[in-house]
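Quick notes on the structure that follows.
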Amino acid sequence: MNNPVIEAVSFKLNANVSDADFVAASKAVDHFVESCDGFIRRRLSKGEDGQWLDHLEWASMEQAKKAGDAFLKNKDLAPFIAMIDMGSAKMRHEQLMASKG
């Protein structure tokens, strides 16, 4: 059995984007990932330094990468993407080794 894959995307928001507007726009991402094969869960958090973390869990690396390709092409997600300072964005894919809760 393959371990699930964690996709972690860290980033900052563009100037003048409020947290409330960004969280509201992230609902479109929820709808998108729920329609993707292999999606398990998503969490969105913000650190005291203003850095955000979008934390997704996928059943496989192939499904995570397929969803990532479709994400960038999905016009419904353009408002969400436009709020992110893309110069600050970093993405990682890692195999989940242990989890509780």
Which of the helices (runs of 4 or more DSSP H) contained wholly in segment 22-101 include at least 1 residues that are in contact with a Cys (Cβ under 7 Å, 6 or more places away or on another chain)? 61-73
If you go through segment 72-93 one residue at a time, how many are closer than 22 Å to residue 5 by Cβ and surrounded by 13 or more Cβ atoms within 10 Å (Cβ to Cβ)? 7
Please go through segment 22-71 and pick out each residue that is in contact with a Pro (Cβ under 9 Å, 6 or more places away or on another chain) and loosely packed, with under 14 Cβ neighbours inside 10 Å. none
Taking only segment 3-26 into account, find how many residues are in contact (Cβ under 8 Å) with a residue 60 or more places away in the chain, under 28 Å from residue 62 (Cα atoms) and of a type outside the set (A, V, I, L, M, F, W, C). 5
Subset of segment 10-58, residues of a type in the set (S, T, N, Q), closer than 12 Å to residue 84 by Cα and more than 11 Å from the chain's Cα centre (by Cα), comes to 14, 16, 18, 51
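Each value in this text was obtained by applying a stated rule to the coordinates, not by laboratory testing. Since we're looking at a predicted model, the values are computed, not measured. Note: ideal-geometry Cβ built from the backbone for every residue, glycine included; neighbour counts use all protein chains shown.
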